Structures are given as structure tokens and as C-alpha cells.
1. Nearest 20 debye, what's the magnitude of the dipole of the chain about its Cα centre given +1 on Lys and Arg Cβ and -1 on Asp and Glu Cβ?
2. On average, how much accessible surface per residue is there in the chain, in Å², for a 1.4 Å probe, leaving out ligands, DNA and RNA?
3. Leaving out ligands, DNA and RNA but keeping every protein chain, what accessible area does Glu79 have, in Å² rounded to the nearest 10, with a 1.4 Å probe?
4. Highest mean first, how do 95-105, 116-126, 51-61, 7-17 rank when packing is the count of other Cβ atoms within 10 Å averaged over residues?
5. Points 7 angstrom from Cα along the Cβ direction at Leu44 and Arg110: gap in nanometres?
6. Once you wrap a convex hull around the alpha carbon atoms of the chain, what is its projected area averaged over all directions, in nm²?
7. Taking the Cβ-Cβ separation of Trp128 and Glu72 as r and a Förster radius of 35 Å, what is the calculated FRET efficiency to the nearest 0.05?
8. Computing the accessible area with a 1.4 Å probe over protein heavy atoms, can you report the carbon and sulfur percentage for the stretch 1-128?
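The values are calculated or read from the model by the stated rules, or taken from the named source; none is laboratory data. Source: prediction; values computed, not measured. Here the Cβ positions follow ideal geometry from the backbone for every residue, glycine too, while neighbour counts run over all protein chains shown. To get the accessible areas, we keep the full protein, side chains included, count just its heavy atoms, and leave off ligands, DNA and RNA. Shrake-Rupley method; radii C 1.70, N 1.55, O 1.52, S 1.80 Å.
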Amino acid sequence: MGSAEVAQDLVQDLFLRLWNTRGPRDAVRLTRPYLYVAARNRALKYLRHRRVVSSWIARVALEEPPSAATPEDLLLRDELDEAVRRAIARLPARCRAIFVLRRRDQMSYREIAARLGVSLGTVKSQMWRATLRLREQLAPYLAGPRLPEHRVG
């Protein structure tokens with residue numbers, strides 16, 4: 001974005017702010033020196049922000065990319081994949097079929113209902129049940145730090 005375009009945007013933003021905050025004392029407050037200082041301050045703020053953004057971009061460019069997965073990470077990922085496969089296999093047949101069509105085959109609820117010859121409500125309730133059962137079975141793998149009971153909510 002060129003500096004002329006930026007200047008126009010800054011001035012337009014300033015005038016919109018002034019319009020939205022207008023009041024009975026505007027004749028006294030909105031003098032030529034006030035408008036000049038307000039526009040200058042917005043321009044300086046923009047330049048400071050642009051400098052901060054540039055330094056962050058430079059810092060990120062210098063950072064090392066994340067290292068390859070460690071053997072422990074690979075083992076944990078394999079363990080989680082196997083736990084997910086087992087949990088899906090334990091779902092009741094209809095529940096499992098609906099879940100797989102939705103998650104693996106990316107079908108909509110309506111498409112699943114049409115394919116299986118069931119109602120849309122059945123598809124929704126079976127997906128809800130599958131999600132609850134999977135969340136329950138996979139809780140040990142997905143658990144993060146928990147807040148004490150008195151602090152929740």
C-alpha cells in the first residue's frame with residue numbers, strides 16, 4: 001500500500017472517529033491545530049505499528065523450523081491412532097457407519113440419511129452418541145491440565 005493511500009486511510013479513519021464522537025463542543029475542539037496534531041499522531045502510531053510488524057516478521061524468519069518428530073512423538077502418535085481405531089470399532093454398527101461416513105468420507109448429514117435410508121434426526125443423534133462415546137473412551141489420551149472443581153465455570 002503506497003504512502004498516499006495510507007495517508008488517505010488514516011485521515012478517513014480520523015474523520016470517522018470524530019464524526020462518531022461529535023458533540024456540542026466541537027466548534028471549540030475541532031480547530032485547525034487540533035486536526036493537524038490528531039492526523040500527525042495517527043500517522044506516527046501507524047509508522048510505529050508498521051515497524052513492530054516488520055521486526056516480528058524478521059524475527060520469525062530467523063527462527064529455526066520445528067524439529068522433526070522424535071521417536072517418542074512417533075510412538076505416542078501411533079498409540080493415539082490405534083486407540084482411535086479401537087474406539088471407533090467399539091461403536092455400535094449403525095453409529096459407527098454414520099460416524100465413518102461423516103468423518104472419513106466427509107458426507108453431509110442429509111447425504112448420510114439418504115444413503116442409509118434413515119431420518120436426518122437419526123443421523124444427528126447417532127453422531128452425537130458417537131462423539132460422546134469416543135470422547136469418553138479417548139479421555140485419557142486427550143486430557144489436558146484441569147482446573148480445580150471450585151474454579152471451573
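1. Once rounded to the nearest 20, the dipole reads 820 debye.
2. Dividing the accessible area of the chain by its residue count gives 83 Å².
3. For Glu79, solvent-accessible area is about 90 Å².
4. Sorting 95-105, 116-126, 51-61, 7-17 by mean packing, highest first, produces 95-105, 116-126, 7-17, 51-61.
5. The modelled label-to-label distance comes out at 5.8 nm.
6. In nm², the orientation-averaged hull projection of the chain is 19.7.
7. Result of the calculation: an efficiency of 0.50.
8. Of the solvent-accessible surface of the stretch 1-128, carbon and sulfur hold 58 percent.
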